[in-house]
Each structure stands twice: as structure tokens, then as C-alpha cells.
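Only the coordinates and a few stated rules stand behind these numbers; no lab work does. Source: prediction; values computed, not measured. Cβ atoms come from the backbone with ideal geometry, glycine included; neighbour counts cover every protein chain shown.
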There are 4 protein chains.
Amino acid sequence: MLKVAVVGASGYTGVELLRILVGHPEIEICCITSRQHEGLPINTLFPSLSGFCELICEPLDVAEISKRADLVFTALPHKSSMEVVPGFLEAGCKVIDLSADYRLKDRDVYEKWYQTHSSPELFTTAVYGLPELYRDQLLSACLVANPGCYPTSVILGLAPLLEEQLIDPQSLIVDSKSGVSGAGRGVKLGSLFCETNEGFKAYGIASHRHTPEIEQELTGLANSTIRLNFTPHLLPVNRGILSTCYADLLEDKSSEELIELFQQRYVDEPFVRVMPGGELPNIAYVRGTNFCDIGLVSDQHTGRVIVVTAIDNLVKGAAGQAVQNMNIVCGFTESMGLGIVPTFP
Amino acid sequence: MLKVAVVGASGYTGVELLRILVGHPEIEICCITSRQHEGLPINTLFPSLSGFCELICEPLDVAEISKRADLVFTALPHKSSMEVVPGFLEAGCKVIDLSADYRLKDRDVYEKWYQTHSSPELFTTAVYGLPELYRDQLLSACLVANPGCYPTSVILGLAPLLEEQLIDPQSLIVDSKSGVSGAGRGVKLGSLFCETNEGFKAYGIASHRHTPEIEQELTGLANSTIRLNFTPHLLPVNRGILSTCYADLLEDKSSEELIELFQQRYVDEPFVRVMPGGELPNIAYVRGTNFCDIGLVSDQHTGRVIVVTAIDNLVKGAAGQAVQNMNIVCGFTESMGLGIVPTFP
Amino acid sequence: MLKVAVVGASGYTGVELLRILVGHPEIEICCITSRQHEGLPINTLFPSLSGFCELICEPLDVAEISKRADLVFTALPHKSSMEVVPGFLEAGCKVIDLSADYRLKDRDVYEKWYQTHSSPELFTTAVYGLPELYRDQLLSACLVANPGCYPTSVILGLAPLLEEQLIDPQSLIVDSKSGVSGAGRGVKLGSLFCETNEGFKAYGIASHRHTPEIEQELTGLANSTIRLNFTPHLLPVNRGILSTCYADLLEDKSSEELIELFQQRYVDEPFVRVMPGGELPNIAYVRGTNFCDIGLVSDQHTGRVIVVTAIDNLVKGAAGQAVQNMNIVCGFTESMGLGIVPTFP
Amino acid sequence: MLKVAVVGASGYTGVELLRILVGHPEIEICCITSRQHEGLPINTLFPSLSGFCELICEPLDVAEISKRADLVFTALPHKSSMEVVPGFLEAGCKVIDLSADYRLKDRDVYEKWYQTHSSPELFTTAVYGLPELYRDQLLSACLVANPGCYPTSVILGLAPLLEEQLIDPQSLIVDSKSGVSGAGRGVKLGSLFCETNEGFKAYGIASHRHTPEIEQELTGLANSTIRLNFTPHLLPVNRGILSTCYADLLEDKSSEELIELFQQRYVDEPFVRVMPGGELPNIAYVRGTNFCDIGLVSDQHTGRVIVVTAIDNLVKGAAGQAVQNMNIVCGFTESMGLGIVPTFP
């Protein structure tokens, strides 16, 4: 049994890791940490876990945890993450980092959008944990930079088109909508029920931190510098991201041809479901699971393709993808522990 | 007192008309109709109206109603509307038609997207009821084609930019999101609570009937044929449309400059609120009211402008705009009966 | 024009007072206060109010405000309220206090459930602001203790039965459900969207502070000490309280007879709507308004009566009732400014 | 592998059975039926199931299905169920019936609340499928009457108290609240999103069909005829039932003593979680799972006990309990296929 630690267990990403990990047959959760709730059993915070995980929240002591854990999930805010990741790596732990701290490859870009980085030397060590693009490198990774939720939904939707050079890389517009859990469990006015329920708004237009992450990855696929419009919106649901992506087609392709292309590109991917013609994704159909559902339409009227993707931001957008990465890194079957059937309604 | 009839009173648009009209000081509701609920007091269907409107639903008898009413709101589905509108006009009633039947000016376009039209001769009589564009013509209109909900939100958001030729008319992409009441009160699977709550999806991509309506009006403003991408989505809220509109800027303009332009364009409009820089609309801030809130960002990174508009689909997108049109047509103060303060939360 | 101040304007009760007061023809809002947002225009906090109220939030300076205001609404938490109410009264202002500080008549009870009281001498001055019970006393009140939201919904539902001694005063069980705005706009974990949406729970069983307030008022009506079970629940909606009240009938009475009794009791009340037999209230039918809708069933099978009441917790449960009280205290028509038609859906 | 058929697969209970059964290691789904969607793959109706279950919906042919299936789940409305259950039994299939048709033991009671019964002789054959009460009889059952959703939540909450004769059997009041999926997937006005979202109401007061089912089972436990008040309410969430049960205590017992009693009573039950003192259930903590969470408070002030239970109406209230019953009937581990961890948020 692999011993794993979940650092930052009391946030929504942390508790989602626990939900998935308690059903994983090859691992044992040896330690969970929470600064705020030190000393409390995790199921007093999340009674949903009663009977499944009743571990006590510990303080974050890197040296101590490193002795007990083979692999560490760091589910911390950016900046907090970089303070502990190097220590875990030095002590020989593998690390799946769910923060933004090791996703960007360019230090200047990171420091422009976030803050000073204290361990930029790890940028080359870290592997961007999107298995559909980087599976080979992940096999031998010791530090996985788990992708952001929005970037996961966007990159999977545009990769086949950019890889085949079917769209104009300068024409990309991405209109994304996320459930409120994407804002985390931090206590802030904008996350209150009454501030979000029955409401809907865009936020962070032309200024959201996931933009450089998306651009980095799409640029790599396109072999051409990509600048896109990425507009996130806040959706009054607990979970789910739906991204609607627009691009100018460089050649005339029908919806059927493009769907066929996507199906071939993702034929061996356990967590990508390309929908047949006429069907479009709904966040309700992936809730609680590691799937990315993709639908698309080629619009002859304007010469554009519209790709729609749906994920659960806490699963394929965070904890589920992290476990998928752990499975790859550790040599387990990639879908182990992730065979959750979506609950509808 | 002006005598008005509400034809099709038992749908969401009908009941919203009643909600607004019972507070209007210059009119009297003389008749309401509902095929399905004939003989029932409207407040048994909508107890919210108890004490305000307890009229009995009548059958739709054009000749009979024409004798009692000066003005008729037809809140019927398309096709049903064209069956009665000519009769009301002939009998001398003014008509505010909330269906799609008289919005399009080109019969071929109408018949391609809807069905055969039985009174296309009225296309030139009908005035498109967007006061911000057609106030002068509305003053003398006897038939007002009340705009669609999505088109209202899109046209108000793009008009200032097209009028000033600041954006490339071929570059328009509109990503819209509507609350469930937009689908009406008809009993269908897709409108069930469990099918929509905690879900989110796009629908009608490249095929929604509001596309030609939007294109007709924007083409008029641009003096150039416009083909755009319009993608509606279904939002799990009762009310509200938020449209996020993307366009390539033809000249470099800052957010401040563009906001200034919008503020000047709409300075005398009682129902358009242009938000200051840094603020973006939220459907929660216009709920129950006739406002269209507009915010925008000029993105130097991509050279595009992103305009976001928010309306209540049942008010500015239907019943409220219809009352605004009635006020203009009948010479009342334009905002009479519409001074409703938004309820938040 | 009466000059009114709203002290504590940035909470949900405060903004709701503003929403209602901006439409009141006989008053002028002369001052609003907010400690936290001093110096900011209220519409930057609540863009819903743009165009209606754009006053700047001031600090809470009793002496200064007393000079400008004839009447003060104190929308503060308990304890904060008692720190300023005596000062306003001494300066000659009338006060409508929306906190719990002057609702209880027994100092020991207050201090048991809340904390030490610094001005218990005002307990006899204060009039409990439920117009349906205390209209006569309110006419000459200078300090009105605006009732709690839950108590309003319960007392109106049980008063006719207790007044007529039709139910066993020892048998009362009240099961109430409130929307999230009842918890205020304070930033706390339990009010987060993801903690409440798609959830439902009871809280404060046998220990909620509204229990003594309800018992005090029902005891007065029953002429017999009442101890009841009051169980509040948290409902995933923005607004609304529904209270389901159970009592053993002392005589055999049909639903029709009891509905008739309620209709007579409330025949002259502008804000109580007794529903006809077979109909039951829904919080959706009173949203945004000052109504209390009441329905009931006499259950022959068990000999109990079940009374269901619905109010909007922010209106009849707070700000609307406060304005109703102001109207009485100041000699305006009781429903002035409160003729809001419910918005459905 | 046990061959099972799901008759009525396209309702919410049917699709929930499929969700659970596809993860069950000892069974194979050999047939699914849907009158309405005959010929369609089930995943075109529920894309959530893509990759898990893509069977074609068949017509309901008892003779044909009996040849292929060892066990049949009948997820049909009452009356439809009794038309096919006898046939399946005669052909040698075991049947888990999720309708109300075999739950009541008294034909007169059944026919009073439902309609004429065509196979009342099966009333003695059928075992009421609440494993916590009838596990022994279920071991050899060939027809299981799967309990109603409300009754499950109520009986589990009151059984320990009635078994120990701690409460007055004439004092029971049950106030229940159910998510909208409890109304099924039938297309009706009252289940529309806009009719339920942001709303809350009681319905079926003193007349809900689950009342005789609850009374039958509680009467059995109490050895005394029980008549109770049962009031269901419609909660604007997809899933979940919370029942708040009130009873007069016959002896003075503290909350701690009663919790201890419940913990002992249910110590070996895999799907009942008794919460520690001070904690109360939330439907959010059992979502998607077969748990019944129970919390309680003894109120010294009134001498009553308040028991609160939470289940997922589609799981412990329907499909999950059905699979639990299948496991018992077929000799599998009782929790097989039901080890689902609740998803929060």
C-alpha cells in the first residue's frame, strides 16, 4: 500500500481528494493536515466522511510527514505550496501539487501574475499534469503540477484542433462558466449564498490568472504564440465548469468530420467522452466524476467551430486529475479509484 | 383610463404583464384570456396576484375583446399571434405583440426560421419595439413587434460600437445565458427542476431563432451584412439574461473611452445603466426590473472589446419592454409603471 | 417630508429598507450609516440601487444624525442597538429598532438568552411592532421593537386560534424554515453557497433565541404560560420563511370553519392574506412583499389543526414591517410604500 | 453472475438503479425496459451513463424478460406494478417492487388510499423491505415491497423510541421535506424549475398516501394503534428528505441517553449513522448514498424529543434500499455495490 498524505485537507479540494482516496484500493491515507482545524477529526468538519475517513487534522510539519508518506498531495493556495514542496521532494516524497506554483514554465510570467517565486529551479522538474498531453513524462515525474480547473476544460477542448492546425490560433475566444466551489472554501462575501444564488456575472475579464496557463499550453500545441480572450463567469451551482470555445476554421470541415477527429484523438482516453453529433455536454452529466465531456458544432454560416466542454471543477479540474496523475506516477491502472458513475439528477 | 387586454395571460410573460400593469396609474385591465384556464380567476393560478388582480380568464374572442379594449398585448406563441393580430388591428385596437411574428422584415427569412406567414403585409406596419433605437417610429405605431429577450440584450450591448464603426462587423461572437423562465411555462421535460437545477449547458448552437433577429438589427446599425455566432445557454435561475459579446476593435480604445461612449449614447435612456469602469453587470441587480445594465472591458492584449449586458428576460426582455412601448405609443411618460426597484438578494 | 435615517445600511435588512423607502412618497432618506463601508456610495455595494439611492455611508454618530433625522431605523445586531437607541430617543427621534434588544419584556429572560442589558428601563416604553396585535399602542409609540422574522410568521398563524381558545396551549409545535438571508450578510462559513445550496438541515433545536419571543407573545394571547417546540431549518433560497404550526384542537372544527375564523380576524388587515380552502401558502407568492399568507387544515384523523404561514423574512419579517410601523407611528396610510406586487416566478 | 432486469428504467428511480447496479460486482443487467423510449439506448436519455450502461430500452414483455432474468426490479408507478409482478413471480423471478402496491398489509386500507388491488393474495408473501426491521424475513423473500421514501426516513427515526416504549404513541408529529426528484420524472407543471426554485410549500397535509404506510409500520412497533400527523413539503433541491419528528417523552431522558440508545440499536447497521450530541443531519451529507443519518435532541423545556433524519430519497428512499434488499435476498454482502462516499459539496 502506498502511503499518501493530503496537505490542506479542509478545503473543498482537500475533502474531494479524501472522498476519492478512501475508495482507492492501493493506497492508505497516512496523514492529513489543516492549520485551521488542527486536532479535529476531519469528519466533524465534513460529516459526509463519517465511516470513511475519521483522521485527525495535523499541523503541516514537512519533516515529520515526509517520514510517513511516500506521496504528498499539496492542496494549498499558491505561495503556501512553494513553501513546502521543495522540502517534500528533498525528503524523497513524490508530490502532486494542486496549486498554481509549478504550472508555468516562465518565471517572469509567473511573477507577473502571482508573486516572487522561491524555487523556480523546479520549473523544469515539474511535469504539467494533463495526462492527455503529457502521459509519457508523467510516468517518471516526481513533481506533478496539477492543472488549473479552467485550463483543463479549455485545453482538452482545443487540443485536437490545434494539433491538426485546423483553426486560426489568433482567433480563439473562450467563454467559461464555473460553479461556486471553484472559489474555494475560504470565507468571503462573494461566496455567500445570497450573493451568488439566482445571480450570474462575468469576472476577471482579460485579467484572470488562468489565462497565461492556458496560453502556455495552447502555444505549445500550436507552435505559434497564442493570445486569447478568456472570460470566466460565476455559475450558481456547487460544481462544474462549462467552457464554450470559439475559433475560426482554416478549412471547411463539417461537424461530423470534426467529431470524428475528436473521437480518434481521444479514443484511448479513459476520461474524455466525445459526444455524438447533435448532443452537447451538460455539467450535470459529469458531476462527481473525472470525465471531460466534449461536444462541438461547425457553423457553416460564419466559418467558425464552437467546442463545448464540461468537467467537474473539483474532480477532473482538481482532485480527480490529481489521483489520475498519482496512478500514472505510481504505476497503477490509470483509472483506479476513479470509476465513479455520475449521479443524475 | 386606457383599457387594455392581455391575451395569453397564463404564461410567464402574461402574468408578468399583469404584475406590472396592476401598478400602472393610467390603464385598466379590461380583459385577460387563457384557452387552458378559461373560467378561472387568474389568482387561483397565481396566488401571488391575490388582492391585485382577480379577473376571470376568458376565451380568445377577437371581436368581443376589440369592443372593450383600446390596446391589446398578445402574449402568445409565434403563429398563434398572427392568427389574431390582424383582427385586432382592423377593429381599431393598438397591438403590442410579444411573439416573434412581426419582428423580421424579410418574409423569406421568417419562413425559413419559423413557418408560412399569413399576414406578411403587416411587416412594414410593425415597428420593432426597441425604444432605444426606434423611439420616433414608435410614437405613431399601431403594431409594435416587441423584441426577443436575447436580441434586446445583444443589440443594446453592441449598438454604440456599431453606430460609431469601432468594431469589425464580421468578428462578432455572442455568448448568452438565460434563466429557465425564458423557456416559458409550457410543460416539457427540459424545463423540469431536476433536469436544469445544478446543471448548465449550451443549446441551439448555430441554430437559434433569435439569430436572424439579432443579425437584422445589427446589420441595420452597421450598414454591412452581419453574420455572427450566437450561442445560448440555460442557466439554473428563474430570471435573467447575461450576454457576453466579443468584437475586434478597429481602433485602439481604452475601457474608459468606450464606457464614456456608452454613457453618452444612453445618457437619456431611463432603462439603460452603464456601469463605471471596473464594475460588471449581474443579473441579480436587474431582477424584476426593466433595466439593461452594461459593463465592458477593452482588452489590449488581444485588441478585442468584451461587452457584458444583463436584463431580466421577463421584463426588459418581454413584459416590461412591452409596457414601455405602450407608454410611448399612448403618450404616457415612458417609465410610467416601471419604476420598480430591484430586489436584492 | 419626514427625514429618516437608516443606521446599519449595508446589511440585507438595511438595503431592503432602502429598497422600500426610495419608493415611499412621504419620506426622505437623510442619512445612511455603515461602519465597514464608511465613505462609499451605497450603490457601489449594491449596484441594484443605482439610480435610486446613491448616498454615502456615514459613520454612526448619534448626536450628528439626531440633528438631521426625525425617525431612525436601527438595523444593527442586538447589543449594538442598545448602545445607540437611548441616545436617539433622548434627542427626540422616533426609533424603529430592528434588533432583538427591546422585544422582550422580562429583563431576566433577555439576559438569559442574550446578554446584560444596559437600558432595561425602555422595556415598558417599547411597543412590540406587530400591527395586527398592537396597532393602538403603536399610534403613540416613540420606540418600536420590530418583531423577529420567525415570531412574525408564528404569531400571525396562531393568534386567531389562541384568542378564541380553540387550541390546547400546551400542545404547540412549530416547524419553521427560513431562507439564507435570515442569517444576515455577515461573512461566515455556514452562509457560503456551497455549504447551503442543495442542502437542508435543522439548527438551534430547543435553543433558538426567537423561542422566548414567540412564547412571550403567545402567552399574552392565551392567558396561560406557553412552552412550545420551535425548530428552525435552513432553506436553500434567498428569501422566505414558511412556518408549519401544529396544535391540538379543543373542539371539533372543520377546515372551512377555521378558515372563516381567520378571514374574519384578518379582514381589515392589509398584509394578511388568508387562503381559501384547499390552497396552501408558498414563499414564492410573497417574495419581495409585506404579505403574510396563511393556509390551514383541520385534521379529523388526529384532532389537530395545521396552520401554514409564509412571509418574506426581509420584508414582513423585517424591513417591510418596520416601514409599516413607521407609517402607523407617523400617521401615514399604513400600506404607503408597501404596495409591491409579488414577482413570480 | 445474477441476471437482473430493471423494469421502468427511464424514470429517476430507474436510472438511479442503473447507476448503482453498473458498479455491483455480482450482477449483470440483462434487460431494461421503457415504454416511452423503446428502442433507444439508455445513455441517449441519460448521457451521464455513457461508458457505463448503453443498453437499449425494451418493451415490457413479462414472459420474455422472465426467461432472461433471475431478479426483476419493478420501478413502475403503483397500479402498473401489480399488473406485472404476479407474472414475474409465477415465472420464478424474484421481484423487488419499488411501487406502493405491496407495502400495505390491509387490502381495505390500500383500496381506500390507492385503487382496487388485483393481487391482494400477495400481501402475505411480500416482505416490507426495510432491512433494519425485517432482515430475517427478507433472507427468504421472493417478493420485496421496497418502502416509500418518506416512510423510510420516519420509521428509522422513531423505531428505537417506540420499541423501548419511551414515547407516547398518540403524540407523534412528523414534518418532512423532500427534494423535487421525489415527484418523479413525469412532465407536470408542479415539477417545473420556475414553479419550485426559490419556493417552498407544504402539500398533501393530512392526506398524503405515505401516511397509512408509516402508521402501519409504527403501529407494529408500538403495539398500539398509531395515528400521526405527517406533513410533506417540497424542497427546491434535486435530492434528499429531511424528516423532523416530534414526540412526547414518557420518561425523562437526556439527549445523551437517547443518542446512546440509538447508537446501540443501530450499531450493526451498515447504513444508519447516528450523529454524536450536538450534531444534526443535513441532506447534503448523504447525497448519492444509502445512508440514513440521525440526530436528536431531548427538550427538557417541553418534555419532547425531536428526532431528525436525513436520507437521499432516490437511494435509501428507493434504488439503494432496493439493491440492499437484493443483496439480502440473494445472499450477497449487504453493502455490496453501495459503498458510495457522499460527494460534498
From (1) under 23 Å from residue A:302 (Cα atoms); (2) within 7 Å of another protein chain (Cβ to nearest Cβ), pick out the condition that doesn't hold for residue B:174. (2)
Only one of (1) within 30 Å of residue A:284 (Cα to Cα); (2) in contact (Cβ under 8 Å) with a residue 60 or more places away in the chain fails for residue D:341. Which number is that? (2)
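Please state which one of C:110, C:134 is over 30 Å from residue A:189 (Cβ atoms), out of contact with any strand residue (DSSP E or B) (no Cβ under 7 Å at 6 or more places or on another chain) and outside any loop (DSSP other than H, G, I, E, B). Before you say what the answer is, go through the steps one by one.
On the way: C:134 fails: out of contact with any strand residue (DSSP E or B) (no Cβ under 7 Å at 6 or more places or on another chain).
Within the list C:110, C:134, the selection yields C:110.
May I ask you to say which residue of D:35, D:19 is out of contact with any Asp or Glu (no Cβ under 9 Å at 6 or more places or on another chain) and over 24 Å from residue D:312 (Cα atoms)?
Working: D:19 fails: over 24 Å from residue D:312 (Cα atoms).
The match here is D:35.
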Considering only residues that are more than 10 Å from every other protein chain (Cβ to nearest Cβ) and in contact with a Lys or Arg (Cβ under 9 Å, 6 or more places away or on another chain), which ones fall in the range C:248-273? C:249, C:261, C:266, C:272
Check residue C:6 against each of (1) under 18 Å from residue C:339 (Cα atoms); (2) more than 14 Å from chain B (Cβ to nearest Cβ); (3) crowded, with 24+ Cβ neighbours inside 10 Å and name the one condition it does not meet. (1)
Looking only at the range B:286-321, and only at residues there that are surrounded by 24 or more Cβ atoms within 10 Å (Cβ to Cβ) and among the acidic types (Asp, Glu), the one that is farthest from the other protein chains (Cβ to nearest Cβ): B:312
Go over the candidates B:242, B:192 one by one and state the one that is without any contact (Cβ under 8 Å) to a residue 24 or more places away in the chain and either basic (Lys, Arg) or surrounded by 24 or more Cβ atoms within 10 Å (Cβ to Cβ) (or both). B:192
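Hey, can you tell me all the residues within the range B:217-229 that are within 14 Å of chain A (Cβ to nearest Cβ) and in a helix (DSSP H, G or I)? Don't jump to the end; show me each part of the working.
Residues of the range B:217-229 within 14 Å of chain A (Cβ to nearest Cβ): B:218-219, B:225-229.
Passing the criteria: B:218, B:219.
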Selection status of residue B:324, among the polar types (S, T, N, Q) and either farther than 27 Å from residue B:93 by Cα or within 14 Å of chain A (Cβ to nearest Cβ) (or both): no
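Across the range A:199-216, which residue is farthest from the other protein chains (Cβ to nearest Cβ) among those that are outside any helix (DSSP H, G or I) and touching a helix residue (DSSP H, G or I) at 6+ places or on another chain (Cβ under 6 Å)? Break it down stepwise before answering.
At the first step, the residues of the range A:199-216 found to be outside any helix (DSSP H, G or I) are A:199-209.
Among the residues that remain, those that are also touching a helix residue (DSSP H, G or I) at 6+ places or on another chain (Cβ under 6 Å) are: A:199-200, A:209.
Values: A:199: 3, A:200: 5, A:209: 14 Å.
Top of the filtered list is A:209.
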What helices (runs of 4 or more DSSP H) completely inside the range C:19-97 contain at least 1 residues that are in contact (Cβ under 8 Å) with a residue 12 or more places away in the chain, under 27 Å from residue C:290 (Cα atoms) and within 14 Å of chain B (Cβ to nearest Cβ)? C:42-45
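Looking at residue B:198, is it surrounded by 23 or more Cβ atoms within 10 Å (Cβ to Cβ) and more than 18 Å from the chain's Cα centre (by Cα)?
Values: surrounded by 23 or more Cβ atoms within 10 Å (Cβ to Cβ): yes; more than 18 Å from the chain's Cα centre (by Cα): yes.
So residue B:198 passes the test.
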Residues that are within 14 Å of chain B (Cβ to nearest Cβ) and assigned to a loop (DSSP other than H, G, I, E, B): does the range A:178-197 have at least one? yes
Search the range A:274-285 for residues being touching a helix residue (DSSP H, G or I) at 6+ places or on another chain (Cβ under 8 Å) and more than 9 Å from every other protein chain (Cβ to nearest Cβ), and hand back the single one that is surrounded by the most Cβ atoms within 10 Å (Cβ to Cβ). A:274
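Filter the range B:122-159 down to the residues that are charged (D, E, K, R) and within 17 Å of the chain's Cα centre (by Cα), then identify the one that is farthest from residue B:272 (Cα to Cα). Explain how you work it out, then say what you get.
Our first condition is that a residue be charged (D, E, K, R); within the range B:122-159, this holds for B:132, B:135-136.
Right, trim to within 17 Å of the chain's Cα centre (by Cα) and you get B:132, B:135.
Working: B:132: 9, B:135: 14 Å.
If we take residues in the range B:122-159 being charged (D, E, K, R) and within 17 Å of the chain's Cα centre (by Cα), then B:135 is farthest from residue B:272 (Cα to Cα).
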Go through (1) farther than 19 Å from residue A:223 by Cα; (2) buried (at least 24 other Cβ atoms within 10 Å of the Cβ) one by one and return the number of the condition residue A:142 breaks. (2)
